[in-house]
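Visitor: Please read through the structure below; I'll follow up with questions.
Every number here is computed from the coordinates shown, using simple stated rules; none is lab data. Note that the structure is predicted; figures quoted are calculated from it, not measured. All Cβ positions, glycine included, derive from the backbone under ideal geometry; neighbour counts span all protein chains shown.
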Amino acid sequence: MSNGAVAGGAAGGGAAAAAAAMANAVKASGAIVKVQQTDFMTIAAKSKQPLIVMAEGGLFSKNYQYLTAYKGLIFYTKVSQPLQLPSDAELIHSKKIWIPG
């Protein structure tokens, strides 16, 4: 067997491990639903005192990421400008938000 075959097998194993890690992350976090900014705001407004997690990100341009839970699902949006959140929202600032997939 050539070294290329060994390297290819290792790369394939790495891809399989990454896919398994992704599947486990989704199982651990539950269903995460990516929505548009307006839908996120509508969902946040439906909850009394919604808990919202926010992180700032971006390499070349700044973005703002938000998570909130509603009826057992986690809703996520990513926008270029900060959102005007409901006044009764409890906001938690996070260093980073990582979404599987």
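Visitor: Based on alpha-carbon atoms only, what is the radius of gyration of the stretch 31-101 relative to the globular estimate 2.2 N^0.38 Å?
Guide: Values: Rg = 11.4 Å, N = 71, 2.2 N^0.38 = 11.1 Å.
For the stretch 31-101, the normalised Cα radius of gyration is 1.03.
Visitor: Could you size up the charge dipole of the stretch 31-101 around its Cα centre, putting +1 on the beta carbon of Lys and Arg and -1 on that of Asp and Glu, and report it in debye to the nearest 20?
Guide: That gives a dipole near 140 debye.
Visitor: For LYS96, which aspartates and glutamates qualify as cross-link partners when the Cα separation must be under 15 Å and same-chain residues fewer than eight apart are set aside?
Guide: Within the straight-line cut-off, LYS96 pairs with GLU56.
Visitor: I would also like to ask the following. With label points built 7 Å along Cα→Cβ from the Cα atoms of ASP88 and TYR70, find their separation and express it in nm.
Guide: It is 1.5 nm.
Visitor: How much length is gained if the chain between ILE32 and LYS46 is pulled fully straight, taking 0.36 nm per residue apart and subtracting their Cα-Cα distance, in nm to one decimal?
Guide: Using 0.36 nm per residue and subtracting the Cα-Cα distance, I get 3.3 nm.
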